[in-house]
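The values are calculated or read from the model by the stated rules, or taken from the named source; none is laboratory data. Computed from a predicted structure; not experimentally measured. Every residue, glycine among them, receives a Cβ derived from its backbone with ideal geometry; neighbour counts consider all protein chains shown.
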Amino acid sequence: MRVGETGETASSEPRLRAEIVAAGASLTRLGLIRGAEGNISVRVGPASVLVTPSGWAKGRLQGACLVLCHLDAEPPRGASSEALAHLLTYQRHPLIAALVHAHPPGVLALATRGAIPDPELLKEGRLLVPRVARVPALAPGSRELAEECAVALGRAPAVVMARHGAITAGSSLREALQRMEVLELLAQTALSAHGGRV
Ligand SMILES: [Zn+2]
């Protein structure tokens, strides 16, 4: 669903806040983030986005702590340190309605070997994450990293950030979350296969 074009209004904001809280708990439970790692955002209207706050354990988010950001303004204080990457991505890609950034251990392990998850390994890969892009190791929170991510997410729904983690996009938060789960499954499958050699 194109959230920005289908009449989503402030009335849907409580539901979207609850979805982000549930997504933070899910990412934590699955081991894709630990503690305050990672960040999540959802488009709530044509020019506004809800972003997770900086420094909060994502497994214990509360709806009221999420930060409302405007696409044409700098991220407000308290928003995730990676909020700029989210805002630039939404500005440039109207079809993207949700973003998930995590530090999946398998994806990171694979990246140390110079590899990224291969969508062809599994049926779910082809279906949900048909392309995976990568961006170089740049300073977390920097404009350079934000720009690289925004460009890469125009080419692929999943991006591996070298020595850092991954970011997935979706037309809903559910889709972005599923893509992160499948990305990690692809990585774990590659690591387990062939006696651990990639
Ligand atoms: Zn990170």
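Residue-by-condition table, conditions (1) away from the ligand (no atom under 16 Å from the Cβ); (2) in contact (Cβ under 8 Å) with a residue 12 or more places away in the chain; (3) out of contact with any Leu (no Cβ under 8 Å at 6 or more places or on another chain):
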| residue | (1), (2), (3) |
| --- | --- |
| Ser12 | yes, yes, yes |
| Ile20 | yes, yes, no |
| Gly24 | no, yes, no |
| Thr28 | no, yes, yes |
| Gly45 | yes, yes, yes |
| Val51 | no, yes, no |
Could you tell me whether any residue of the range 106-126 is within 22 Å of Val49 (Cβ to Cβ), surrounded by 17 or more Cβ atoms within 10 Å (Cβ to Cβ) and not hydrophobic (A, V, I, L, M, F, W, C)?
-> no
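Listed residues Pro94, Pro75; which is within 20 Å of Leu138 (Cα to Cα), assigned to a loop (DSSP other than H, G, I, E, B) and away from the ligand (no atom under 12 Å from the Cβ)?
Numbers: Pro94 fails: within 20 Å of Leu138 (Cα to Cα).
That would be Pro75, the only listed residue that is within 20 Å of Leu138 (Cα to Cα), assigned to a loop (DSSP other than H, G, I, E, B) and away from the ligand (no atom under 12 Å from the Cβ).
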Any idea how many residues of the range 85-127 are within 14 Å of the chain's Cα centre (by Cα) and aliphatic (A, V, I, L, M)?
-> 10
Given the conditions (1) modelled with pLDDT of 95 or more; (2) under 26 Å from Leu66 (Cα atoms); (3) within 16 Å of the ligand (Cβ to nearest atom); (4) not hydrophobic (A, V, I, L, M, F, W, C), and given that Arg143 satisfies all but one, which numbered condition is not satisfied?
-> (1)
Limited to the range 97-114, what total is found for residues that are away from the ligand (no atom under 16 Å from the Cβ), part of a loop (DSSP other than H, G, I, E, B) and either modelled with pLDDT of 95 or more or among the basic types (Lys, Arg) (or both)?
-> 2
Which one of these is at pLDDT below 95, touching a Lys or Arg at 6+ places or on another chain (Cβ under 6 Å) and surrounded by fewer than 20 Cβ atoms within 10 Å (Cβ to Cβ): Ala156, Ala137, Ala133?
-> Ala137
